[in-house]
1. Pairs under 7 Å by beta carbon, first residue touching a residue at least 12 places away in the same chain (Cβ under 8 Å) in the range 23-38, partner of a type outside the set (D, E, K, R) and not in a helix (DSSP H, G or I), six or more apart or different chains?
2. Out of Ile214, Ile180, I need the residue that is at pLDDT 90 or above, surrounded by 14 or more Cβ atoms within 10 Å (Cβ to Cβ) and hydrophobic (A, V, I, L, M, F, W, C). Which one?
3. Could you look through the range 1-24, keep only residues that are over 24 Å from Lys92 (Cα atoms) and surrounded by 18 or more Cβ atoms within 10 Å (Cβ to Cβ), and pick out the one that is modelled with the lowest pLDDT?
4. Among the residues of the range 128-153, how many are buried (at least 21 other Cβ atoms within 10 Å of the Cβ), in a loop (DSSP other than H, G, I, E, B) and modelled with pLDDT of 95 or more?
5. Which number in (1) in contact with a Leu (Cβ under 8 Å, 6 or more places away or on another chain); (2) buried (at least 20 other Cβ atoms within 10 Å of the Cβ) marks the one condition that Lys258 misses?
6. Could you list, in sequence order, all residues of the range 103-114 that are without any contact (Cβ under 8 Å) to a residue 40 or more places away in the chain, crowded, with 17+ Cβ neighbours inside 10 Å and hydrophobic (A, V, I, L, M, F, W, C)?
7. Name the residue that is surrounded by the most Cβ atoms within 10 Å (Cβ to Cβ), counting only residues in the range 154-168 that are out of contact with any Leu (no Cβ under 7 Å at 6 or more places or on another chain) and farther than 17 Å from Leu274 by Cβ.
8. Which of the residues that make up the range 203-240 are of a type in the set (Val, Ile, Thr) and in a helix (DSSP H, G or I)?
Amino acid sequence: MKITAAEVNKLRKQTGAGMMDCKKALVEAEGDFDKAIDILRKKGQKVAAKRSDRDASEGVVLAKTNDANDLGVILVLNCETDFVAKNDDFVKLAETILNKSLEEKASSLEELKGMNFPGSDMTIDEKIIEQTGVIGEKLDLSSFEKIEADSVVAYIHPGNKLASLVGLNKGNYNDLGRDIAMQVAAMAPVALDQEGVPQKVIDNEIEVGKDQAIQEGKPADLAEKIAKGRLNKFFQENTLLNQAFIKDNKKSIKQHLKESDKDLTVTEFKRLALS
């Protein structure tokens with residue numbers, strides 16, 4: 001049977017598959033549009049299975065807030081090569097998923113994957129598998145986080161390889177919030193303050209400090225005391241509120257916030273980057 005260019009183009013617009021793949025699928029489906037979509041999905045599943053052991057370490061990291069700036073989301077969509085990561089269709093796929101997560105207020109990665117992909121009867125997870133067949137590389141929606149606060153600010157570092165979210169306990173501080181979000185992206189703090197540092201991290205720092213003290217020739221019975229004393233420097237360098245502000249290293253983030261409003265603070269932050 002004759003397959004028209006209009007039919008091929010319609011299938012291409014809906015699936016993103018190449019013109020020849022769409023034509024072959026329509027021919028195989030004898031012109032049945034829904035069957036052709038299923039054929040392309042199965043192709044995606046086959047490609048995904050073949051490439052399941054491939055390393056999808058490239059991709060994009062995107063972050064965005066809603067219009068009210070009280071909800072922010074951040075995600076990582078992985079692929080295998082930087083060439084695909086810079087492809088407009090791949091970036092658009094990630095942006096569509098990001099917008100969906102914001103509109104539907106997704107609470108977890110698994111919930112997001114199970115949501116319907118806009119304009120189709122597929123879930124987001126199924127759409128990613130389909131696009132694996134279209135693009136020919138392993139794709140993986142690997143990370144998703146969200147923040148709800150009185151004010152949320154998103155920052156994407158140029159190149160889409162690193163992004164951050166910051167929640168503030170008061171609104172109308174977008175410029176300051178952006179500075180803090182840039183700080184999070186650049187300095188990768190492990191927690192908001194000392195109280196938020198996991199005990200496992202503290203224990204590890206003490207062990208490292210003890211070994212370092214002993215290597216410096218300090219007595220073994222004093223090594224742990226010395227290591228604990230050095231924890232303050234670790235907290236200063238690795239907790240957001242105690243870090244030196246990158247735009248003015250003479251003051252901490254906490255001091256910078258208090259200069260704007262004595263009650264202003266960061267409630268939460270998220271940072272995602274390509275590994």
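The values are calculated or read from the model by the stated rules, or taken from the named source; none is laboratory data. Just so it is clear, the model here is predicted, and its values are computed rather than measured. Every residue, glycine among them, receives a Cβ derived from its backbone with ideal geometry; neighbour counts consider all protein chains shown.
1. Lys23/Ile3; Leu26/Ile3; Val27/Ile3; Glu30/Met1; Gly31/Met1; Gly31/Ile3; Ala36/Ala29
2. Checking each option against the conditions leaves just Ile180.
3. Ile3
4. 1
5. Going through the list (1) in contact with a Leu (Cβ under 8 Å, 6 or more places away or on another chain); (2) buried (at least 20 other Cβ atoms within 10 Å of the Cβ), Lys258 breaks only (2).
6. Residue satisfying the conditions is Leu112 alone.
7. My answer is Val166.
8. Hits for the range 203-240 are Ile206, Val208, Ile214, Ile226.
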